[in-house]
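These notes concern the structure reproduced below.
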Amino acid sequence: MDMSFKEDLSNTSFIATAELNPPKSFECGKILENASKLKGLVSAINITDNSGASVKVSSMTISHLIKRDFNIEPIWQITCRDRNRLAVQSDLLSAKVFGLSNILPLRGDELKQGDYPDAKASFDLNTEELIQVIKQLEKGRDLATKELKPHLGDFSFCVGSAAHPGVPDLVGQRETMLKRLDLGVEFFQTQICFDLSQLEIFKNTIGEKLASKTLLGITPIKSLKQAEFMHKNIWGVAVPDYIFSELTAVTNLDPDSTESLEAQREIGLKFSQQICKRVQELGFKGIHLMAIGQEANLADILKRIMPESAFCSKSFN
């Protein structure tokens, strides 16, 4: 019998999670197909919450379907951007009705990045206040201190938090992580890191205790264009020159040819494998795979970049 995500965090030496984005449509066949391929390969699948500040099927709905149909542990993402304190608590109660136990509270992408730049964001609660609301509900009372009736004593979440290995102030990042650990956070998932040297600086700054609870964000680069976009547009994410050099070398003639695109993907996989190996050597808890534009290939990517020995409670079969 597979362990739960919470059990994997405690009992498995090195784990993987992956991320899927719900569709901007009520047709959910593709995301469910992609999720089904990950059974036995990941400890949990993150389901994003209106990522990019655009309209998608709700994270809770897809999380419920993945758990119901495939018995795969979802990590339900919830943003402060879209909900006031009533909606947050209503969704938390609803998630428990669906048996969803893993949650990642986030601030949420800026509305100006999405399809509705003039929409009004809520931000009634910040991320740490949202974590506190979760912990208060676990004790049987809502934010207004009203009692949950009946409260059966089994209302609990495995709460995570985001972290960023590329921020300028890593000491401040460590302090934020420690504060959230004190609030009851049990795991961290980070933004992408492509740079091995930055990865080591991050580990040395946050220390072994936090690293042992942290899943390092990995994205296999699929093209030079994607690398350039992420380097320029994602705050705190830098693609090292040595990766650009190799990508450029295979795009000099015809960057959009089948041969060139395959060579670019191979370079991305090679460096992801190197990062994954170093993540394990440095004592991080595992990796969080965000295969942007390659969601259908998540299972194959995991088999390529993760050492088989890392799947202590999982199976490649």
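Just so you know, all these numbers are worked out from the coordinates, no wet-lab data involved. These figures come from a predicted structure and were not determined experimentally. Note that we place each Cβ from the backbone using ideal geometry, even for glycine, and neighbour counts take in every protein chain shown.
Per-structure values
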read-out: Solvent-free Debye scattering, log10 I(q)/I(0), computed from the Cα coordinates of the stretch 138-179 at q = 0.20, 0.30, 0.32, 0.34 Å⁻¹; value: -0.70, -1.03, -1.09, -1.15
read-out: Stokes-Einstein D (µm²/s) once Rh is taken as the Kirkwood radius of the stretch 100-159 over alpha-carbon pairs, at 4 °C in 1.567 mPa s; value: 96 µm²/s
read-out: Cα-based convex hull volume of the chain per residue, rounded to whole Å³; value: 142 Å³
read-out: Residue-by-residue Karplus 3J(HN,Hα) for the stretch 220-231, coefficients 6.51, -1.76, 1.60, Hz, glycine and proline x; value: x, 5, 9, 6, 4, 4, 5, 4, 5, 4, 5, 4
read-out: MRE, 222 nm, helices only [DSSP H, n ≥ 4, -39500 (n - 2.57), over the chain, to nearest 500]; value: -13000 deg cm²/dmol
read-out: Percent of beta bridges antiparallel (DSSP, the stretch 5-310, rounded to nearest 5); value: 5 percent
read-out: Compactness relative to 2.2 N^0.38 Å, alpha carbon Rg of the stretch 78-228; value: 1.18
read-out: Formal net charge of residues neighbouring VAL171 (Cβ-Cβ distance under 14 Å; K, R +1; D, E -1); value: +1
read-out: Coil-residue trypsin sites (Lys or Arg not before Pro) of the stretch 93-170, DSSP, other Cβ within 10 Å capped at 13; value: LYS120, LYS139, LYS146
read-out: Relative contact order (percent, whole number), the chain, Cα cutoff 8 Å, 6+ residue spacing; value: 20 percent
read-out: Neighbour net charge for THR214 - beta-carbon separation under 9 angstrom, K R +1, D E -1; value: +3
read-out: Packing-based exposure ordering (other Cβ within 10 Å, fewest first) of ASP49, ASP82, ASP115; value: ASP115, ASP82, ASP49
read-out: Angle in degrees between helix 59-70 and the longest Cα principal axis of the chain, rounded to the nearest 10; value: 80 degrees
read-out: Mean projection area, nm², convex hull over Cα of the stretch 1-97; value: 6.9 nm²
